[in-house]
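The values are calculated or read from the model by the stated rules, or taken from the named source; none is laboratory data. Bear in mind that the values here come from a model prediction, so they are computed numbers and not experimental data. Note that we place each Cβ from the backbone using ideal geometry, even for glycine, and neighbour counts take in every protein chain shown.
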Ligand SMILES: [Fe+2]
């Protein structure tokens, strides 16, 4: 993918080369930049070739979607395990007996909903999750969409001067905002929450491509520069990465699944469906230390 910039902002010149055709699944791209809806697969019963192609579809599209899947909690966990060890959320509630199966739930009495605001999941962890697999079982008649943004594209669209400026910088990510967030589930605050310093621009370990890796949810400041400069740069980057050019928007149905790569994607959940209920589970796959 190549993007270029002129005085009026980022423009798309050329989109990603398509890989080889898929043989065991079909992939319908939501936009040329990000998102692919996958058909022709039942996630309860996946062949090795389908598994390889799903992995490739994730790499090529950054986030993939499946409709009309009927997984038990165990099958959801098993699907996640095929991509690696599972991550346990440092704060959020989980299903009884399944600490790796995070509860996603908002109804008319909820003080908040999961995932509002742009973020990459649990980027406060020293080794943040590689991917998140969200299975929505109950959704409102309208609303509750999730937006996804391609952080390779956001990085590529920066000016060369900005890319040079950001090179080698790290930023502090913290999970302190988890404090009090799950009190309505009866979850008591921990003494401390994870924090970590990560490169502002990370290299994806599979594709070798660079992606912006600061987000409004977890990043507090850029290290080694004055705090007001950090605030200015971060605010610029947040505004830049929220450009709709880099995004797709997924409309959920019951029994849909989204699987996103946290290393190159940020997402934003809409809570526009009050007083309706939206619920499901998330399985999260462990990742590596960003570099
Ligand atoms: Fe999230």
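Say whether the condition of being in contact with a helix residue (DSSP H, G or I) (Cβ under 7 Å, 6 or more places away or on another chain) and under 20 Å from residue 115 (Cβ atoms) is met by at least one residue in the range 183-198. Yes, the conditions are met somewhere in the range 183-198. Filter the range 142-156 down to the residues that are within 14 Å of the ligand (Cβ to nearest atom) and in a loop (DSSP other than H, G, I, E, B), then identify the one that is nearest to residue 277 (Cα to Cα). Filtering first and then ranking leaves 144.
Consider the range 214-236 and keep the residues that are out of contact with any helix residue (DSSP H, G or I) (no Cβ under 7 Å at 6 or more places or on another chain) and closer than 26 Å to residue 64 by Cβ. The one that is surrounded by the fewest Cβ atoms within 10 Å (Cβ to Cβ) is 217.
For the range 126-141, the set of residues classified as part of a loop (DSSP other than H, G, I, E, B) and more than 13 Å from the ligand (Cβ to nearest atom) consists of 126, 127, 130, 139, 140, 141, listed by residue number.
Applying a threshold of 9 Å to beta carbon distances and a minimum spacing of six or more residues, or different chains, the list of pairs starting in the range 211-223 at a residue that is assigned to a strand (DSSP E or B) and ending at one that is away from the ligand (no atom under 16 Å from the Cβ) and at pLDDT below 95 reads 220/176.
Just one of the listed residues (240, 267) is closer than 28 Å to residue 33 by Cβ and under 16 Å from the mean Cα position of the chain (by Cα), and it is 267. The residue that is farthest from the ligand (Cβ to nearest atom), counting only those in the range 99-117 that are surrounded by fewer than 17 Cβ atoms within 10 Å (Cβ to Cβ) and farther than 16 Å from residue 278 by Cα, is 99.
Taking the range 242-255 as the range and being more than 15 Å from the ligand (Cβ to nearest atom) and not in a strand (DSSP E or B) as the test, the residues that pass are 242, 243, 244, 245, 246, 251, 253, 254, 255. Of all residues in the range 55-72, exactly one satisfies the criterion of being surrounded by fewer than 15 Cβ atoms within 10 Å (Cβ to Cβ) and in contact with a strand residue (DSSP E or B) (Cβ under 7 Å, 6 or more places away or on another chain), namely 67. Within this structure, residue 205 passes the test of being assigned to a loop (DSSP other than H, G, I, E, B), more than 22 Å from residue 93 (Cα to Cα) and either touching a residue at least 40 places away in the same chain (Cβ under 8 Å) or over 14 Å from the mean Cα position of the chain (by Cα) (or both). Determine whether the range 256-278 contains at least one residue that is outside any strand (DSSP E or B), touching a helix residue (DSSP H, G or I) at 6+ places or on another chain (Cβ under 8 Å), in contact (Cβ under 8 Å) with a residue 12 or more places away in the chain and surrounded by fewer than 21 Cβ atoms within 10 Å (Cβ to Cβ). Checked against the condition, which is being outside any strand (DSSP E or B), touching a helix residue (DSSP H, G or I) at 6+ places or on another chain (Cβ under 8 Å), in contact (Cβ under 8 Å) with a residue 12 or more places away in the chain and surrounded by fewer than 21 Cβ atoms within 10 Å (Cβ to Cβ), the range 256-278 yields no hits at all.
Can you pull out every residue in the range 201-238 that is within 16 Å of the ligand (Cβ to nearest atom) and in contact with a strand residue (DSSP E or B) (Cβ under 6 Å, 6 or more places away or on another chain)? Within the range 201-238, 213, 214, 215, 217, 218, 219 qualify. Whether a residue is free of Cβ contacts under 8 Å to residues at least 12 places away in the same chain and in a loop (DSSP other than H, G, I, E, B) was assessed, and residue 191 passes this test.
Meeting the requirement of 2 or more residues that are at pLDDT below 95, the strands (runs of 3 or more DSSP E) wholly within the range 1-119 are 2-6, 9-14, 98-106.
If you go through the range 157-188 and keep only what is modelled with pLDDT under 95 and in a helix (DSSP H, G or I), you end up with 176, 177, 178, 183, 184, 185.
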